[in-house]
Amino acid sequence: MATRINYNYEAAVTHTTLQQNERLLNRSLLRLSTGLRILSASDDASGLFIANQLAVVSAGLEQGNRNIQFAISALQIAEGGVSQIFDKLKAMYQKAVSAANDINDPNARAALQKDIENLRDAILKIAQDTEYNGTRLLNGTFNNVKIHYGARSVQTLSISIASVLPQHLGGYVAENNPAPVYSNNQDLATLLRDPDNGNNPYSVRDGDSLRFTFTDGTQVTLNTKEQLGYRFGGTYILDASTIANTINNNPTLQSKGIRAYAENTSVADVAFTLPVDSGRRVTIRYYVGGERVFEKTYTSAPTLDQFIADINDQAGGKLIASKDSSGTKLVLSTPNGETISVEVVNNNATSNVDLRTLIQIGSAQNVNVAPNNTGSAVKVGTLTVMGSEKFTVEGGGIAYFATATSGNFRSLNDIDVTTNKGAEIAMVLIQSAIRQVDTIRSQIGSTIINLQAIYDAQAVAKDNTDNAESVIRNVDFAKEMTEFVKYQIRMQSGIAMLAQANTLPQLVLQLLR
């Protein structure tokens, strides 16, 4: 019992305890009123640090997902533009297919060419004008664009959209047309014998080949005689039509988008004349591939019109004869680019027969078949190889592509469907452009899917991060309410005991009575 009146220890201790309880009660009250367990760093220093770091991550994840939404919006705009370009390319392809039909006259083909040019202009405008907030998306400048998706540094995704401008859409084309071979004193069989026994560059020997090489390292080799030419007597003769068929039926080359086109048109070098001496004969034989399609012996000089009619009547469409724009030169063509050969048996007494009047040879000397002699000439077709991707083609031992030749890029701007050949090439170029556009479109779609997956993952991560922060920062109401009630009871008890402690010094007065 206290017997001092100048210092009431019990009251002082009770008051100190009361102050502590009051502080705890007030803190509990603030926690309950704010819902926060950490009101200041003094409440939980390490917990505050961890919670703040989690809050920063949560804010970063939230903004990263906003960035993803912006990127997806831009890509959706780009995909819509590419979709429109695909529709225009499909219409262009249909026009090119129509133009490839020789039923069309020049006016019809000119109209189709104009339609294609209008569609090409539409593609140009779409590629130039498609944008997101001023950023061009389809003209090739949207390249290596970084989309920051994460809460931390260097959490980025690189996006590139290749150009779909007409000048950047198209394919690759390699073309070769070997010079004709001829002899003014050999028949065709002798001219075309195997080069092991002569010098004919058109003969196909064992080991000859045509090899394709692609940028990914893939190689395809055509290396059998049947793949490169036709049989003539005891040898095989190079033939553009045979090679084109081989290429177009090769599954690997098809998968690479490779197509081949063969054509053979011979425009005589000089005006037509076929002299026949009185009482003499001149025999002309034409071959298409390995087949003789025309043979006629003339006992008088025919006119060009008569000669053309004779060929067309006998050849049955396998060799087509006409005359050039001047009306003086013989023009020959084959339906599928087959090799054209001519053999002249000159039984004249004094007159020469000029091979250049019967087949295109080019600038050449000694092309006259002398009297009582036989001459011959061969012209292979032009072989055009087209592909969607860059390629190199090289002929080993054959006249086509004797040196490695890379396909030259031709764009939609180079399309010309005013001829059958141009339309056939246009079809491949447009097909290649469609493949490019489809590839770009699928890449855009894949990127959108990827970004959406990242968005969903980060949304879950943000929820879990917010929950982790909440566990540290926010108050557990059930527990805190229990604490609050405890502090309330302590305060009530403390105040009551303080009142009792204050009355203790009054007992000293009992000693003064």
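The values are calculated or read from the model by the stated rules, or taken from the named source; none is laboratory data. Note that the structure is a prediction, hence the values are computed from the model and not measured. Neighbour counts run over all protein chains shown; Cβ positions are idealised from the backbone, glycine included. We work out accessible area using only protein heavy atoms, side chains counted, and drop any ligands, DNA or RNA first. Shrake-Rupley method; radii C 1.70, N 1.55, O 1.52, S 1.80 Å.
Which chymotrypsin sites (Phe, Trp or Tyr not before Pro) in region 182-275 pass both tests, a DSSP loop state and at most 15 other beta-carbon atoms within 10 Å?
none
Strictly greater than 22 Å: what percent of every Cα pair in region 231-343 meets that?
Result: 43 percent of Cα pairs exceed 22 Å.
Quick one: Kirkwood hydrodynamic radius for region 371-496, alpha-carbon pairs, angstrom, one decimal?
After inverting the mean inverse Cα-Cα distance, the result is 23.4 Å.
Tell me the relative contact order for the chain as a rounded percent, counting alpha carbon contacts under 8 Å between residues six or more apart.
25 percent
Using a probe of 1.4 angstrom, how much of the accessible area of the chain is carbon and sulfur, in percent?
For the chain, the apolar C and S fraction of the accessible surface comes to 48 percent.
With the radius of gyration and the Kirkwood radius both derived from the Cα set of region 41-95, what is their ratio Rg to Rh?
Here the Rg-to-Rh quotient is 1.57.
Explain nothing, just the number: dipole magnitude of region 1-151 about its Cα centre with +1 on each Lys and Arg Cβ and -1 on each Asp and Glu Cβ, in debye rounded to the nearest 20.
Dipole about the Cα centre, nearest 20: 300 debye.
To the nearest µm²/s, what D does Stokes-Einstein give for region 33-178 at 20 °C and 1.002 mPa s, using the Kirkwood radius over alpha carbon pairs as Rh?
D = 107 µm²/s.
Positive end of the charge dipole of the chain (Lys, Arg +1 and Asp, Glu -1 on Cβ, about the Cα centre): tell me which of Gln510, Ile448, Ile123 has its Cα farthest that way.
Final value for the positive-end residue is Gln510.
For the chain, just the Cα set please: Rg and Dmax, both in angstrom.
46.1, 182
When the convex hull of the Cα atoms of region 396-446 is projected onto a plane and the area is averaged over all directions, what value comes out in nm²?
For the Cα atoms of region 396-446, the hull's average projected area reads 5.5 nm².
Could you sort 359-370, 77-88 so that the peptide with the highest average Cβ count within 10 Å comes first and the rest follow in order?
Descending mean neighbour count gives 77-88, 359-370.
Taking only the C-alpha atoms, wrap a convex hull around region 1-75 and report its volume per residue in Å³ as a whole number.
Cα-based convex hull of region 1-75, divided per residue, equals 100 Å³.
So, by mean Cβ neighbours within 10 angstrom, what's the order for 112-119, 248-255 with the highest one leading?
Packing order, densest peptide first, comes out as 112-119, 248-255.
Counting only heavy atoms of protein chains, what accessible area per residue, in Å², does region 1-124 have with a probe of 1.4 Å?
Per residue, region 1-124 has an accessible area of 55 Å².
How big is region 290-336 on each of its three principal axes, counting only the C-alpha atoms and giving the largest first in Å?
Extents along the principal axes, in whole Å: 28, 27, 15.
Averaged per residue, what accessible area in Å² does region 382-496 show with a 1.4 Å probe, protein chains only?
I get 47 Å² per residue for this part.
If a/c stays under 1.5 just call it rounded; otherwise compare a/b with b/c (prolate if a/b is bigger, oblate if not). Do that for region 372-429, with a ≥ b ≥ c from the square roots of the Cα gyration tensor eigenvalues.
Since a/c reaches 1.5 but b/c is at least a/b, the shape of region 372-429 is classed as oblate.
I'd like to check one number: the per residue accessible area of region 258-310, probe 1.4 Å, reported in Å² as a whole number.
Accessible area per residue: 42 Å².
Could you tell me which of Leu39, Ile495, Thr392 has its Cα farthest along the dipole of the chain towards the positive end, charges placed at Cβ (Lys, Arg +1; Asp, Glu -1), taken about the Cα centre?
It is Ile495, whose Cα lies furthest towards the positive end.
Order the peptides 397-403, 165-171 from the highest to the lowest mean number of other Cβ atoms within 10 Å of their residues.
Answer by packing, highest mean first, reads 165-171, 397-403.
Convert 20 °C to kelvin, take the viscosity as 1.002 mPa s, use the Kirkwood radius over C-alpha pairs of region 285-416 as Rh, and evaluate the Stokes-Einstein diffusion coefficient in µm²/s, rounded to a whole number.
124 µm²/s
Mind putting a number on the dipole of the chain about its Cα centre? Charges go on the C-beta only, +1 for Lys and Arg and -1 for Asp and Glu, and I need it in Debye to the nearest 20.
That gives the chain a dipole magnitude of about 1800 debye.
Using the Cα centre of the chain as origin and beta-carbon charges of +1 (Lys, Arg) and -1 (Asp, Glu), tell me which of Thr465, Ser266, Ile425 is placed farthest towards the positive end of the dipole.
Value: Thr465.
Tell me, what is the percent relative contact order of region 78-213, built from C-alpha pairs under 8 Å that lie six or more residues apart?
Across region 78-213, relative contact order equals 16 percent.
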